[in-house]
Amino acid sequence: MYNLGDKLLIVATDRISAFDVVMPNGITDKGSILTAISLFWFKRFPQFENHLLAWEPADYPDKLRRFADQLAGRSMLVKKTKVVPIECVARGYLAGSGWKEYQQTQSVCGVKLPAGLRQCDKLPAPIFTPATKEESGHDINISFEETAQRIGVNLAATLRERTLSLYTGAADYAAKRG
């Protein structure tokens, strides 16, 4: 990310990182592919406001145009925004940390689920499973109630509704395409 004053330039590289460690070998075109995927979904759901201002280097500030060949297809000019310190996660399937929690409590982030579910089962309905946004280390799954305590009940409810709406729209789109 490059700070341009009132905007940011985000450049997706081919590097690989895991748990904030950059690995020595990248994946060819990874940055371009991730940028294309992001642009696809931003365009697919225009009803959800996002940070995107431009993705073509010709539309970037003059001082960046000399880098057009390096930025084309792997960068976005975006608005600066205020970060809500909550990761909004929608789950349609029981996997990952949700599966681990379910095995112990039969719930995920405070959402009670039916007995007898197996790893990777489709859930009866998508659920909102927020997490903290940690400065370092792993994000921590939290309940909706804790989310509301941290950011306010109205904002938490809005984020839950938008997250589930976006997930449902994307899942429906994908399901129709196999």
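Using C-alpha pairs under 8 Å with a sequence gap of at least 6, the mean separation divided by the residue count of the chain gives a relative contact order of 17 percent. Shown here for region 28-61: chymotrypsin sites (Phe, Trp or Tyr not before Pro) in loop regions (DSSP other than H, G, I, E, B) with at most 13 other Cβ atoms within 10 Å, namely Phe48.
Whats the longest run of the chain with zero GluC sites (Glu not before Pro) that are DSSP loop and have at most 14 other Cβ atoms within 10 Å?
Values: sites that count: Glu49, Glu134, Glu135.
With a cap of 14 other Cβ atoms within 10 Å, the longest stretch comes to 50-133.
Can you tell me the accessible area per residue over the chain, all protein chains present, probe 1.4 angstrom, in square angstrom?
Numbers: 11750 Å² over 178 residues.
Accessible surface, normalised per residue, equals 66 Å².
With all pairs of different alpha carbon atoms counted, what Kirkwood hydrodynamic radius in Å does region 77-178 show? Hydrodynamic radius (Kirkwood, Cα only) of region 77-178 equals 14.7 Å. In order along region 20-27, phi translates into HN-Hα couplings of 6, 10, 7, 7, x, 10, x, 10 Hz, rounded to whole numbers, per the Karplus curve 6.51 cos²θ - 1.76 cosθ + 1.60 with θ = phi - 60° and x for Gly and Pro. The trypsin sites (Lys or Arg not before Pro) found in region 125-178 that occupy coil by DSSP, while having at most 11 further C-beta atoms within 10 Å, are Lys176, Arg177. Accessible surface for Tyr93 stands near 110 Å², nearest 10, in the context of the full protein assembly shown (1.4 Å probe).
Given (1) 1, 9, 15, 16, 15, 13, 11, 9, 6, 3, 1, 0, 0; (2) 1, 7, 12, 14, 17, 18, 14, 9, 4, 2, 1, 0; (3) 1, 9, 17, 20, 19, 16, 11, 5, 2, 0, which label gives P(r) over Cα pairs in 5 Å bins from 0, in percent as computed from the coordinates? Among (1) 1, 9, 15, 16, 15, 13, 11, 9, 6, 3, 1, 0, 0; (2) 1, 7, 12, 14, 17, 18, 14, 9, 4, 2, 1, 0; (3) 1, 9, 17, 20, 19, 16, 11, 5, 2, 0, the one derived from this structure is (2). Would you please state which residues of region 1-34 a label at Glu134 would reach in this model, taking the label point 7 Å out along Cα→Cβ and a backbone N cut-off of under 14 Å? Counting backbone N atoms under 14 Å from the label point, the list is 19-21. Helices that extend 24 Å or more along their long axis by alpha-carbon positions and average at least 0.0 on the Kyte-Doolittle scale are, among the DSSP H runs of the chain, 153-175. Surface composition of region 61-178: carbon plus sulfur atoms hold 52% of the accessible area, using a 1.4 angstrom probe and ignoring ligands, DNA and RNA. Can you flag which of Lys43/Lys82; Lys80/Lys176; Lys133/Lys176; Lys43/Lys79 are past 28 Å Cα-Cα? Too far apart for the 28 Å limit: Lys80/Lys176; Lys133/Lys176. How many angstrom lie between the Cα centre of region 50-83 and the Cα centre of region 105-168? Result: 32 Å between the Cα centres. Cross-link partners for Lys100 among the aspartates and glutamates, with Cα-Cα distance under 19 Å and sequence neighbours closer than 8 places in the same chain left out: Glu87, Asp121, Asp139.
When the helix-only estimate is applied to the chain (DSSP H runs of n ≥ 4, each -39,500 (n - 2.57), divided by the residue count), what is the mean residue ellipticity at 222 nm, nearest 500 deg cm²/dmol?
Values: 5 runs with 60 residues, N = 178.
Rounded to the nearest 500, the figure is -10500 deg cm²/dmol.
What's the local net charge at Ser38, with K and R +1, D and E -1, over the other residues with C-beta under 14 Å away?
Numbers: positive: Lys30, Lys43, Arg44, Arg74; negative: none.
Summing Lys and Arg as +1 and Asp and Glu as -1 gives +4.
With R₀ set to 22 Å, the beta-carbon distance separating Ile27 from Asp69 gives a calculated FRET efficiency near 0.65.
Simple spin-label estimate for Glu161 and Ala115 gives 3.6 nm between the two label positions (7 Å along the Cα-to-Cβ direction from each Cα).
The values are calculated or read from the model by the stated rules, or taken from the named source; none is laboratory data. On a predicted model such as this, the values are computed, not experimentally measured, just so you know. Note that each Cβ is placed from the backbone with ideal geometry, even for glycine, and that neighbours are counted across all protein chains shown. What goes into the accessible areas is simple: the full protein's heavy atoms, side chains included, and nothing from ligands, DNA or RNA. Shrake-Rupley method; radii C 1.70, N 1.55, O 1.52, S 1.80 Å.
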